[in-house]
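Single-structure report; data block below.
The values are calculated or read from the model by the stated rules, or taken from the named source; none is laboratory data. Note that the structure is a prediction, hence the values are computed from the model and not measured. Don't worry about glycine lacking a Cβ; one is built from the backbone with ideal geometry, like all the others, and counts go over all protein chains shown.
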């Protein structure tokens, strides 16, 4: 059932999480706890590689929303790269491209990080809005 | 018929015995008359005396027969051997005392000495002699009962020898009284033979060991007294100085020898019983204990199969341990999930809390591996805190673990305020108890657990029914538009929602929403969304405004990882237009002009971001609709339904169905889609909530908008 795995690789500019398999309501907690422990250790520049991810459900999408605010308020970001078309469709339907940098490969992500914080490349108004952390999730805390 | 019933009555043992006694009595009486009249007896009676004497004897014999009827009762009347023994031995003592009293009376009045003259003396002799004989015979009865307590294969023969022998002795004595003294030796031999026979008759005395300690002490005292008293009677009967023998002989010839015989038997019997009891006295305590152990374990085994209530079970276990091990305080601690004292007997729970802090005793158990036993807690330095806190409640202590699957899940404790109370047997027994109790408690605990899950299930069923009611009971019936809807949660409750509401401008608006995640939390959000949608719709002029207001309402109050996707379409029959907004939801499929199209206007999921981004990102589309156009709204449970071989259902198959579908019934289109989803999923368990709404526009959309609108109002409201 648990055909989902994460491998973490450190890069000069960011930490890369390679996820593979199925990311759904059952496996999402694995990713969530992994991200949580990384962020607790002060890792705020994260790249998630979707190369080997076959399926993502709405619960899987929710995981990225949990941390994005905290990461961005610490001048970091979560960048999503190398999605299969099917996985991208799910992100796209939900409007995630407006909230996250969804890029073709890791190098692009590193370039974005090297360009200062990842919020400089804003090509659209919507994206600028997203990166204004005050607009995202005015949660109770 | 009558003959048969008479025969049946006659075949009953007590009637046979009564008849036998009556016949024997009649025979003896006849003999007595014969020999009294013609023999050379030392006693000479007048005719009147003879008649009175004979009458009294007849009454005596009749009462004997009656007595036989009374005493020959079914075995079931008597309870345990100990009860029978108690009654028999106490009767032996009382009967013997009665006979001694009569003998005393005889010697006081010196009746036997007077040479039997006078009617009064004759009467007195009979009145005292008959009870004496009856008391003796009653002794014989109780002896027989004792012998029958535990019969063996020879007991019938032995019984025949005793009773037959007694009859023979009587006969011989009658002959002797008829001046045939030579047969006296014969009766002595007979008495000896019977005495030996009775020794064999009662060898089975195993039941004596089943008596409790106190019963043994009492039994020994009573049977010793009984044998001493019977020796006294024997001496008095057969010594020349006493007249008891003479008096008995005058009541019935041979009665004195019969009484002697009976008391020889009584003496032998009770002497033997008292010796057996005396020998078993030192082990009486141990025997008692064993008996209690056996009974306790038997009760426990019974409880294991019948008691499902763990509290009740622990109570009976604690009582047994207290009684059998002689503990004063017994308690059971459970340490598998919640560390708590499950049951305490003979000690207050507060005292126990003081007695050990935080599973101290359990660590002892771990160290000792199996069983812990302390004779005097005062002398154990490692139990210092235990001792100090105990308020001197417990000094002797035993602990046995409750094991399940080789893991310690609890412990059974037995304590006593005195030191050196528990023996090694107690520890062994406590361990045996603990082993048995583990199984029983496991059963009881499992039962309680299954009760809990049963309760959970029934609550989930209620939740399911409640959620069912949150969805529309029926679809609105609007002229020019045929609607059908279906929703099914993957589990008992789900996060899918659909509804049909009227906007401020009276447009009919269909809403389909899907809360991320599944189960209970999704169900709560679903209910919340319904409330918000119903409350806001009448104030909103467009589906876009409705969705934006919903987002504003829920943003910030949801969990970060949760969000809701929504799609809303409002139909304006007047303008023949559909207004469509999509907040992260699956696209709208529409079949018009011979082809099926997918509409995916921009929009973020509800609850992800605040109104600033959300509202600006949300794009509202307007579509023209014509009669015959088919619209499909659904949640991702439809297009993402999985199949091991074929993968995901996908949008294409849904589009195909829309294209192929050839009638204008929304219900039939819905049925096809639901069937497709079910067939595609096949054997695989439905793993996401499925919701489908189909809308088919009918004739007259646009031109007859006003009329339709009025009809729609009439129908919907």
Legend entry - Single unsatisfied condition, residue A:78 versus (1) within 14 Å of another protein chain (Cβ to nearest Cβ); (2) closer than 23 Å to residue B:582 by Cβ; (3) surrounded by 17 or more Cβ atoms within 10 Å (Cβ to Cβ): (2)
Inset, instruction - Can you confirm whether the stretch B:540-549 contains a residue that is surrounded by fewer than 19 Cβ atoms within 10 Å (Cβ to Cβ), at positive phi and not in a helix (DSSP H, G or I)? - result: no
Legend entry - Leading residue by the ranking (farthest from the chain's Cα centre (by Cα)) among those in the stretch B:508-531 that are surrounded by 24 or more Cβ atoms within 10 Å (Cβ to Cβ) and assigned to a loop (DSSP other than H, G, I, E, B): B:516
Legend entry - Single match in B:453, B:516, B:487 (criterion: at pLDDT below 90 and away from chain A (no Cβ under 14 Å)): B:453
Legend entry - residue A:27 in contact (Cβ under 8 Å) with a residue 24 or more places away in the chain, over 11 Å from the mean Cα position of the chain (by Cα) and buried (at least 21 other Cβ atoms within 10 Å of the Cβ): yes
Legend entry - Filter result (in contact with a helix residue (DSSP H, G or I) (Cβ under 9 Å, 6 or more places away or on another chain) and surrounded by fewer than 17 Cβ atoms within 10 Å (Cβ to Cβ)) within the stretch B:289-302: B:291, B:295, B:297, B:299, B:301
Inset, instruction - Could you tell me which numbered condition residue A:41 fails, if it satisfies all but one of (1) over 18 Å from residue A:100 (Cα atoms); (2) touching a residue at least 40 places away in the same chain (Cβ under 8 Å)? - result: (2)
Legend entry - Qualifying residues in the stretch B:647-664 (those that are out of contact with any strand residue (DSSP E or B) (no Cβ under 7 Å at 6 or more places or on another chain) and part of a helix (DSSP H, G or I)) - the one farthest from the other protein chains (Cβ to nearest Cβ): B:660
Inset, instruction - Working only within the stretch A:1-23, note down all residues that are buried (at least 20 other Cβ atoms within 10 Å of the Cβ) and within 14 Å of chain B (Cβ to nearest Cβ). - result: A:23
Inset, instruction - Only residues in the stretch B:470-494 that are on the phi > 0 side of the Ramachandran plot count as the first member; pair them with residues that are surrounded by fewer than 20 Cβ atoms within 10 Å (Cβ to Cβ) and part of a loop (DSSP other than H, G, I, E, B), Cβ under 9 angstrom, at least 6 apart or cross-chain, and list the lot. - result: B:480/B:627; B:480/B:698; B:480/B:699; B:480/B:700; B:480/B:702; B:480/B:704
Legend entry - For residue B:679: the one exception among (1) within 14 Å of another protein chain (Cβ to nearest Cβ); (2) free of Cβ contacts under 8 Å to residues at least 12 places away in the same chain: (1)
Inset, instruction - Output yes when any residue across the stretch A:44-51 is in contact with a helix residue (DSSP H, G or I) (Cβ under 9 Å, 6 or more places away or on another chain) and within 13 Å of another protein chain (Cβ to nearest Cβ), and no when none is. - result: no
Inset, instruction - State the number of residues belonging to the stretch B:316-336 that are under 13 Å from residue B:412 (Cα atoms) and in contact (Cβ under 8 Å) with a residue 60 or more places away in the chain. - result: 13
Legend entry - Test set (1) within 30 Å of residue B:131 (Cβ to Cβ); (2) at pLDDT 70 or above; (3) outside any helix (DSSP H, G or I) - residue B:344 fails condition number: (1)
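Let's see how each residue does on (1) outside any helix (DSSP H, G or I); (2) on the phi > 0 side of the Ramachandran plot; (3) surrounded by 14 or more Cβ atoms within 10 Å (Cβ to Cβ); (4) in contact with a helix residue (DSSP H, G or I) (Cβ under 8 Å, 6 or more places away or on another chain):
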residue: B:415; (1), (2), (3), (4): yes, no, yes, no
residue: B:426; (1), (2), (3), (4): no, no, yes, yes
residue: B:441; (1), (2), (3), (4): no, no, yes, yes
residue: B:444; (1), (2), (3), (4): no, no, yes, yes
residue: B:449; (1), (2), (3), (4): no, no, no, no
Legend entry - Test: residue in the stretch B:586-593 that is within 14 Å of chain A (Cβ to nearest Cβ), closer than 23 Å to residue B:496 by Cβ and within 60 Å of the chain's Cα centre (by Cα): yes
Legend entry - Qualifying residue in the stretch B:456-468 (condition: crowded, with 20+ Cβ neighbours inside 10 Å, within 30 Å of residue B:581 (Cβ to Cβ) and touching a helix residue (DSSP H, G or I) at 6+ places or on another chain (Cβ under 7 Å)): yes
Legend entry - Test: residue A:64 is at pLDDT 90 or above, under 27 Å from residue B:599 (Cβ atoms) and within 12 Å of another protein chain (Cβ to nearest Cβ): yes
Inset, instruction - Among the residues of the stretch B:567-578, write down those that are touching a helix residue (DSSP H, G or I) at 6+ places or on another chain (Cβ under 7 Å) and modelled with pLDDT of 95 or more. - result: B:568, B:569, B:570
Inset, instruction - Evaluate the stretch B:557-570: report whether one residue or more is surrounded by 20 or more Cβ atoms within 10 Å (Cβ to Cβ), farther than 28 Å from residue B:464 by Cα and over 53 Å from the mean Cα position of the chain (by Cα). - result: yes
Inset, instruction - Output the number of residues of the stretch B:546-576 satisfying the condition of being away from chain A (no Cβ under 14 Å) and closer than 27 Å to residue A:69 by Cβ. - result: 3
